[in-house]
Amino acid sequence: MSVTLQCAGYPEDTLRSLADRLPCREAQVTSLLSLMGQPDQYSYPSIFIYGHRATGKSHVVLTIMKDLELPHASVDCVECVSGGLLFHQVLSAFFGPDSAALLPRCPSLSDFVRLYKQMSSSTPATQTRYIILDRAERMRDMDFSLLPALLRLQELVNDNVTVILLSVIVWEKFRPNTGCFEPLLFHFPDYSKAELVQILSRDHHPSYTPELYASYINILLGVFFSVCRDLRELRHLAVLNFSKFCEPLEKGEAKESDIHKLWKNIEPHLHRAMQTVYLREVSSMQWEQQQMDEKEATTLRGLSAHAHIELPYYSKFLLIAAYLASFNPARTDRRFFLKNHGKIRKTNFLKKHEKTSNHLLGPKPFPLDRLLAIFYSVVDSRVAPTASVFSQISSLVTLQLLSQVGHDDQLDSPKYKCAVSLDFILAISRTVSFDVVRYLYDFL
């Protein structure tokens, strides 16, 4: 169902095109056009638009500017590491590159205001000029006087200009301690599940019916909506996993109406993909190749240790130290972790039972002080023995990566055992560039 936007001063066919190109954002477009007013009218000096990632802030504002052919300067604050780059882009967009060349080598805010007033007096604005600052939270790292000046730029340059700031954080995190002109606040809410279905269903595959793709999107959101509301990420996941969804159709094992059979085919695949949402540790082509080569549902190779579990940096070294303490005899610690261990007779390190491997015997318990001694030896930086280190050990026990041995009230010297496999610890050590095999007694 097409929705027609109602706003005086703009062509109806252009507003109808805006409504078609910006689905589920008709209310925001109407409110924004009302704030902006008619093109020849003075608009509010500054508008602050905020909302989570991928809620359509930049897309809506830039689409309005381009479709209605409004004079605007779009600036990405990530690219502008200084105020001079911002001034240069604004003057180039409004008055041409020749005007920006008049800026001094290190322009100040007063240079920008003076040059803007000079150029606007020679070429007065017939419509409101808009300066769009995307990812405006980066401006907090710039000169403290820049943001208050831009919020009241209309007054400083005496021109019909409006500054629109787009950000993912709220205005309270922006407001300077010295005070400033308060902009109009405009919130973009998250897309609801029904709105996401409507938007993602517009990308349906031409080889299949729109109804089938809408059913696929409903299945996808049923899995991912609780952990991800990002439209860009959901669109990426939809494109990435659609070929797997259509496998039974291509093999002739199901029809488009057999939604239950299609769901049973893709359900385990989507749950595995949910473990790496947002990470993008492999490219789309690599992911598709992995799924083509995959023969068993429980096997997923090629991803890093993030596919299994994500741990803080020092927790990884604590887990590595626990593995070494579990599978190395205590008498070998001096050999592996002491730099100047002196002369040690080679016979001391010959295995008594050549056929017996510590990995076959299983993990051995070790005390806490031995774990910390190995940890401080293998970690590549100096770490103070703070409560944070001990809390990470407790977290590893909670995650069942370590198991506590003995009674819970044994507070003076608790003992632990490592509960992970060799493949898991190899994957963890690769993420921190640590060669764990070099420190294992069984691999001497």
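The values are calculated or read from the model by the stated rules, or taken from the named source; none is laboratory data. Source: prediction; values computed, not measured. Note that we place each Cβ from the backbone using ideal geometry, even for glycine, and neighbour counts take in every protein chain shown. Accessible surface is based on the protein model in full, side chains and every heavy atom, while ligands, DNA and RNA are left aside. Shrake-Rupley method; radii C 1.70, N 1.55, O 1.52, S 1.80 Å.
For segment 27-35, what does the Karplus curve 6.51 cos²θ - 1.76 cosθ + 1.60, with θ = phi - 60°, yield as ³J(HN,Hα) per residue in whole Hz, taken in order and with x for Gly and Pro?
Using θ = phi - 60°, the values come out as 5, 5, 5, 4, 5, 5, 5, 5, 5 Hz.
For C228 paired with D20, estimate the spin-label separation in nm (one decimal), with each label point 7 Å from Cα along the Cα-to-Cβ line.
The two pseudo-label positions are separated by 3.1 nm.
Decide, for segment 159-229, between rounded, prolate and oblate: order the square roots of the alpha carbon gyration tensor eigenvalues as a ≥ b ≥ c, take rounded if a/c falls under 1.5, and otherwise choose prolate if a/b is larger than b/c, else oblate.
Since a/c reaches 1.5 and a/b is larger than b/c, the shape of segment 159-229 is classed as prolate.
Using packing as a proxy for protection, rank 137-148, 322-333, 414-425 so that the peptide with the highest average count of other Cβ atoms within 10 Å comes first.
322-333, 414-425, 137-148
Rank these by accessible area, largest first, 1.4 Å probe: Y130, Y42.
Greatest to least solvent exposure: Y42, Y130.
Check each of the trypsin sites (Lys or Arg not before Pro) in segment 52-133 and keep only those in coil by DSSP with at most 16 other C-beta atoms within 10 angstrom; list them in order.
R53, R105
Check Y416: other-chain or 5+ apart residues with amide H under 5 Å from its amide H, H built from backbone geometry?
Sorted by chain and number, the residues that satisfy this are F366, V405.
With the Cα gyration tensor of segment 48-156 giving a ≥ b ≥ c as the square roots of its eigenvalues, does the rule (a/c under 1.5 for rounded; else a/b larger than b/c for prolate; else oblate) give rounded, prolate or oblate?
Here segment 48-156 falls in the oblate category.
For F390 and D442, FRET efficiency with R0 = 35 Å and r from the beta-carbon atoms, rounded to 0.05?
0.75
Subtract the Cα-Cα distance of S121 and L185 from 0.36 nm times their separation in residues, and report this length gain in nm to one decimal.
20.0 nm is the gain from fully extending S121 to L185.
What is the extension gain from A330 to S110, computed as 0.36 nm multiplied by their sequence separation minus the C-alpha to C-alpha distance, in nm to one decimal?
Result for the pair: 72.2 nm of gain on full extension.
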